[in-house]
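S.K.: First the structure, then my questions, so here it is.
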Amino acid sequence: MEYDKKLYLLFNDYSIGYIKSICDCTSCKIRGEAEFFIHTINGKYKDCVKFNEINSFFEDEVLTVAESLEEIIIWIKEFIINKKDNEIKFIKEINILLHNSLIK
Ligand SMILES: [Zn+2]
């Protein structure tokens, strides 16, 4: 079954993928548990995640989920800006520490 609304995933390594389809084959039906097929942004197969594994998969491997690539890009931009802000704070603190130790 094709997943009609595309859900994009940003992975820990900053690669992007999406949920291609939800499997409803006979073995899934017998097991009573569907599988999610995850493809890379280039349309290549990446992973297959069972329904009961989806929570740990998202926790361990996915940074964020979005309904469009624009949302993913906004997320990355904010992530980089936050990172930069933290680096600037860190550098300022180091400077204060250095300054204080020089005065002593
Ligand atoms: Zn299946």
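The values are calculated or read from the model by the stated rules, or taken from the named source; none is laboratory data. Being a predicted model, the structure only gives us computed values, none of them experimental. We place every Cβ from the backbone using ideal geometry, glycine too, and count neighbours over all the protein chains shown.
S.K.: Would you be able to say whether some residue in the range 3-12 is hydroxyl-bearing (Ser, Thr, Tyr), in a loop (DSSP other than H, G, I, E, B), surrounded by 13 or more Cβ atoms within 10 Å (Cβ to Cβ) and within 16 Å of the ligand (Cβ to nearest atom)?
M.R.: yes
S.K.: Could you list, in sequence order, all residues of the range 34-52 that are within 15 Å of the ligand (Cβ to nearest atom) and assigned to a loop (DSSP other than H, G, I, E, B)?
M.R.: Ala34
S.K.: I've got another one for you. Tell me whether the range 40-53 contains one or more residues that are within 17 Å of Lys6 (Cβ to Cβ), surrounded by 10 or more Cβ atoms within 10 Å (Cβ to Cβ) and in contact (Cβ under 8 Å) with a residue 40 or more places away in the chain.
M.R.: Looking for residues that are within 17 Å of Lys6 (Cβ to Cβ), surrounded by 10 or more Cβ atoms within 10 Å (Cβ to Cβ) and in contact (Cβ under 8 Å) with a residue 40 or more places away in the chain, one finds none in the range 40-53, hence no.
S.K.: Would you confirm whether or not the range 13-23 contains a residue that is surrounded by fewer than 15 Cβ atoms within 10 Å (Cβ to Cβ), basic (Lys, Arg), part of a strand (DSSP E or B) and at pLDDT 90 or above?
M.R.: No; the residues of the range 13-23 include none that is surrounded by fewer than 15 Cβ atoms within 10 Å (Cβ to Cβ), basic (Lys, Arg), part of a strand (DSSP E or B) and at pLDDT 90 or above.
S.K.: Residues to consider are Glu93, Glu67; find the one that is touching a residue at least 40 places away in the same chain (Cβ under 8 Å) and either at negative phi or not basic (Lys, Arg) (or both).
M.R.: Unique residue meeting the criteria: Glu67.
S.K.: Additional query: Please enumerate the residues belonging to the range 18-33 that are more than 7 Å from the ligand (Cβ to nearest atom), of a type in the set (D, E, K, R) and under 26 Å from the mean Cα position of the chain (by Cα).
M.R.: Lys20, Glu33 - these are the residues of the range 18-33 that are more than 7 Å from the ligand (Cβ to nearest atom), of a type in the set (D, E, K, R) and under 26 Å from the mean Cα position of the chain (by Cα).
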